[in-house]
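Undergrad: Dropping the structure in here first, questions after.
Rule-based calculations on the coordinates, nothing more; no lab input. Because the structure is predicted, anything quoted here is derived from the model rather than measured. Positions of Cβ are generated from backbone atoms using ideal geometry, with glycine treated the same way; all protein chains shown enter the neighbour counts.
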Ligand SMILES: [Fe+2]
């Protein structure tokens, strides 16, 4: 018997909308996830190590370097605040973007409307610790129903082949269903798209050094469909 934390109906993620009319990416319909090919080039380490990181806890002991935000300021908040409610789209590059031209170009070349862009620095955490941070994202707040569903795409910047992103769909009770568990390996260059509003997610990071990755909010639609189609393994 292991005394592991597990979310209950009281978890804040349970109230985040799951089924909505927003257009979604067809390739993600069955699992909420799609793997892409590894990045065919390397991002220089200084482009993520030398950015300005902010203390922001999400999914464990984390710090984030904002590369694009709602107004170009260096902050980690969502795209809504009272009197200025917007969906997680139409982001503006921050001062960090000038320090990471390879990353900024990569994000632009996805071709889709993007919201928050940031690198995450995650300290090691084992599975039991990680599960305490299992959650779903609130990516589509203020996103009009006829507008593309916001999902997130990852690019792994450090090489952590023994670490993985844990993904689970919800069961009928709205809680993560262990039968649906997927594990996404996090080697350098790994890329994938996750519907993080649909799937419960957290990273189990078994290394001894921090793991860095690029996380970008992107709008579902023809541009993202094209990016996925062009970069799926054959
Ligand atoms: Fe999340």
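Undergrad: Arrange the peptides 181-193, 215-227 so that the one whose residues have, on average, the most other Cβ atoms within 10 Å appears first. List each step's numbers first, then the result.
TA: Working: 181-193: 17.6, 215-227: 20.2.
The packing order, highest mean first, is 215-227, 181-193.
Undergrad: Which shape class, rounded, prolate or oblate, goes with region 41-166 when its Cα gyration tensor gives a ≥ b ≥ c as root eigenvalues, a/c under 1.5 marks rounded, and past that a/b bigger than b/c marks prolate?
TA: oblate
Undergrad: Is it possible to state the helix-based mean residue ellipticity at 222 nm for the chain, with each DSSP H run of 4+ residues giving -39500 (n - 2.57), the sum divided by total residues, to the nearest 500 deg cm²/dmol? What is it? List each step's numbers first, then the result.
TA: Details: 4 runs with 29 residues, N = 234.
Rounded to the nearest 500, the figure is -3000 deg cm²/dmol.
Undergrad: How high is the FRET efficiency between residue 4 and residue 77 when r is their beta carbon distance and R₀ equals 22 Å, given to the nearest 0.05? Don't jump to the answer; show the numbers that get you there.
TA: Values: r = 31 Å, r/R0 = 1.41.
It comes out at approximately 0.10.
Undergrad: In a Gaussian network model over the chain where Cα atoms closer than 10 Å are linked, find which of 93, 33, 142 has the largest mean-square fluctuation.
TA: Looking only at 93, 33, 142, the largest GNM fluctuation is found for 142.
Undergrad: Hey, another quick one. Please say if the chain is rounded, prolate or oblate, where rounded means a/c under 1.5 for a ≥ b ≥ c the square roots of the C-alpha gyration tensor eigenvalues, and otherwise the choice is prolate for a/b larger than b/c and oblate otherwise?
TA: Verdict is rounded for the chain.
Undergrad: Rank by packing, highest mean first: peptides 64-77, 165-178, with packing defined as the count of other Cβ atoms within 10 Å averaged across residues.
TA: Top of the packing list down: 64-77, 165-178.
Undergrad: Now, a different point. Taking the chain as a Gaussian network, Cα atoms linked when under 10 Å apart, which of 86, 136, 152 shows the biggest mean-square fluctuation?
TA: Of 86, 136, 152, the Gaussian network model singles out 86 as fluctuating most.
Undergrad: Which ordering of 4, 129 is given by a fewest-first count of other beta-carbon atoms within 10 Å? Walk me through the numbers before you get to the answer.
TA: Working: 4 10, 129 17.
Result, fewest neighbours first: 4, 129.
Undergrad: At 7 Å along the Cα-to-beta-carbon direction for both residue 108 and residue 177, put a label point, then send me their distance in nm to one decimal.
TA: Going by the 7 Å Cα→Cβ label model, 4.3 nm.
Undergrad: Separate question: Quote to one decimal, in nm, the extra length available between residue 14 and residue 90 on full extension: 0.36 nm per residue of separation minus the C-alpha distance between them.
TA: Length difference between fully extended and current span is 24.6 nm.
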